[in-house]
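Before any comments, here is the structure.
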Amino acid sequence: CNHAGLCTVAASEGGYVDTTPPEVGYVWDLNPHTDDTTLEVDVQDTTEELRFTFGRFHDPHSNLVTMEWGLSTDKTAGDLNAHPWQETSQAAVVKLPNLRLQTGVPYYVHVRAC
């Protein structure tokens, strides 16, 4: 306050406590030979490239800071033995060329929203 007894008060913009993870979105494997992003595929005929898309990851309490994808032969993402986590945009179509995928081995694309 000043000598006239007049005071000013300011407050922060407020903040939330966020103890929940972001809401999960989708991850689709795509045909590497087309630009179609609407058809999820389970089998492809090339060992040299992989294409996928993801989206709709959302956090209702706070903004997402990073989005990352990784590739493995482990469905749980415990061992990203084919490609480590790599940061990307929040909605993307990713095409991975020059791969050496093994025939008959399932590959899983993992997307992590933080």
Taking only the alpha-carbon positions of the range 28-114 as identical scatterers, the Debye log10 I(q)/I(0) at q = 0.24 Å⁻¹ comes out as -1.32
Among rounded, prolate and oblate, which fits the range 24-67 when a ≥ b ≥ c are the square roots of the eigenvalues of its C-alpha gyration tensor, a/c under 1.5 means rounded, and a/b larger than b/c means prolate?
-> prolate
Please report, as a whole percent, how much of the solvent-accessible surface of the chain comes from carbon and sulfur atoms (probe radius 1.4 Å).
-> 49
Cα principal axis extents for the range 64-114, largest first, Å | 35, 23, 13
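Give me Rg/Rg_expected for the range 1-75, where Rg uses Cα atoms only and Rg_expected = 2.2 N^0.38 Å with N residues.
2.11
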Isolated Cys in the chain, by beta carbon distance under 4.7 Å | C114
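The values are calculated or read from the model by the stated rules, or taken from the named source; none is laboratory data. Quick caveat: nothing in here was measured; it's all calculated off a predicted structure. Positions of Cβ are backbone-derived with ideal geometry, glycine not excepted, and every protein chain shown enters the neighbour counts. To get the accessible areas, we keep the full protein, side chains included, count just its heavy atoms, and leave off ligands, DNA and RNA. Shrake-Rupley method; radii C 1.70, N 1.55, O 1.52, S 1.80 Å.
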